1. I want the local charge near residue 36. Using Cβ-Cβ distances under 12 Å, sum +1 for each Lys or Arg and -1 for each Asp or Glu among the other residues.
2. If you place +1 on the Cβ of every Lys and Arg, -1 on the Cβ of every Asp and Glu, and leave all else neutral, what size is the dipole of region 191-264 about its Cα centre, to the nearest 20 Debye?
3. Hey, what do the phi angles of region 129-134 turn into as Karplus ³J(HN,Hα) couplings, whole Hz, using 6.51/-1.76/1.60 and θ = phi - 60°, x for Gly and Pro?
4. Summing +1 for each Lys or Arg and -1 for each Asp or Glu, what net charge is found among the other residues whose Cβ lies under 14 Å from the Cβ of residue 258?
5. How do the peptides 475-481, 230-236, 150-156 rank, highest first, by the average count of neighbouring beta carbon atoms within 10 Å per residue?
6. How large is the accessible surface per residue of region 162-210, computed with a 1.4 Å probe and reported in Å² as a whole number?
7. Tell me, Kirkwood radius of region 261-327 from alpha-carbon pair distances, in Å?
8. What net charge is computed for the residues neighbouring residue 512, neighbours being all others with C-beta under 12 Å from the C-beta of residue 512, Lys and Arg scored +1, Asp and Glu -1?
Amino acid sequence: MAFSAVVLCSCNDLEQPPTNQYTDANFWTPERAEYLVNMAYSQMYSADRMWRDEALGDNLCRTRGQDGDELSIRKGAALPTLGIFANEWRDLYSGIKTCHVFLDNVDGQDIEESVKEGLKAQVRFIRAYIYLRLTCFYGDVPFFTSDISLDESNTISRAPRAEVISFIHKEMQEIIPILPTKEQATPGRITKAAAAMLDARAYLYDSDWSNVESICRRIMSGEYGNYALFPSYDGLFAVENEYNEEVILDRGYLEKAVTWSCDLQDKVTYSVGSRTPNELPIQSLVDNYLMLSGYTIDEPGSDFDPEDPYANRDPRMDATVIYDGYAWNEKVKNWYFSTFYNIEHVVFDGGYYQAKNPDAVVTDVWKEEGNSFNRTGYGTRKYHAPQAALDWNSGLNIIMMRYADVLLMCAEAAVEQNKMNASVWDETIRPIRERAGFTSAKALEFPAGGNLRQIVRNERRSELAVEGLRYFDILRWKAGSEYLNGTVRGAGFTTWTDTYRFNEQRDYLWPVPQNQINLNANLGQNPGW
């Protein structure tokens, strides 16, 4: 959105600006200022971005040709001309443009001062959030804090990443006193805790463990509002529980009105009506989930049964992954029988698919069908919320920040500072596992002598899978070769495999998009690209 004065072809001083066009002089009202803030919110994050982020890591894969950019990156075949690199850069800088247009113009407008300062603080958060995402992908990036001209954009150089990160920390400390607590805020709006968590996340990506721990403990103490784990892990992602006590920030949607641009039908399995399964969990994610006994699946003494591999597992697996034999009407609250048109339990009647027997146990059955079969044998359960019968649009909010992540960051910081003990464990990991449904001592008690770093990293994966964070965790751990290199597989009854390739000298950063370098040679290129 651009706001530039209209050039009038008249010398008459009495000529008035046209009333059907916005100019810098006539645009600004409190309502339109709020509209621009809402536009910035929509540019900060989206369901599309979350699903794309997941496909970059090792939880989900995309296998359909038209969604192949993420797959090209994972297979080591990406070039600087790849569309995802250019589109992400364009979209993020479009969001920064919106923030700067607002911040550069709002001070001179007739808006109540307290309202104005609150809106400015929200937009400063959004700008910082976008800059953090830019640095995670591209490292050094063009950095500016007010709107720039087209000529400037074609000559600007990239600023060091450290300069951008320092700015983010400074901004968060300045806006936290201005922002409301959760209890004071309108649901879905940026709060003190969200700013504190963004500050902690920026420190996390720099492995600054002392600051991560300090900020997380301030959030845990209630300094920025009262947060807690929602009692039900599965229920955390249900429409009826949006804005619950665990959510610190989410990307708001609205059923029937403001829905995802991507379709739920691509993420489930044929037995429940998928047209071409695409966002597919891979076996390594399933293998990550513990047994209810607290054992890993390959640990000596484990009760894992290869003949019944999904039994007695971490309940978070059932809330995240659809597998062969998945009992839909036992595991999914308010599920829609009428969407399940590829199974024998439904009949078409009166324009809708109806259950023959509402009490029947309807299970997922893996089916291989031509070139569009479910390659990995799995589907994605988390965020599954059809709006109604045969309606695969979703108006479910996407959670960007939640309290469980605060506990996990605090636990990781303790491990990395050699401060993890039974007391810290009981503050952080134990309540997460209790909420998940574990009761065994092995799962809940402090694992003295265990590989604490790996335990916490695995816990992070199980808790936060399909929430868009895994790829960034792998990058900050400098663990690309461990998780993003080698053969990936689906369920044991499938024949599908693929090969991921990760270049340690190149792939921790994306390339600067080639189309941007064509416009501005001063940008330079990242190593190896």
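1. That sum, taken over residues with Cβ under 12 Å, equals 0.
2. Details: 6 positive and 13 negative charges, 45 e Å.
About 220 debye.
3. 4, 5, 4, 5, 4, 4
4. Surrounding charge for residue 258 is -2.
5. Result, highest mean first: 230-236, 475-481, 150-156.
6. On the way: 1860 Å² over 49 residues.
Value for region 162-210: 38 Å² per residue.
7. Evaluated on region 261-327, it is 13.2 Å.
8. The answer is -1.
The values are calculated or read from the model by the stated rules, or taken from the named source; none is laboratory data. Worth saying up front: this structure is predicted, and the values here are computed from it rather than measured. Every residue, glycine among them, receives a Cβ derived from its backbone with ideal geometry; neighbour counts consider all protein chains shown. All accessible areas refer to the heavy atoms of the entire protein, side chains included, with ligands and DNA or RNA removed. Shrake-Rupley method; radii C 1.70, N 1.55, O 1.52, S 1.80 Å.
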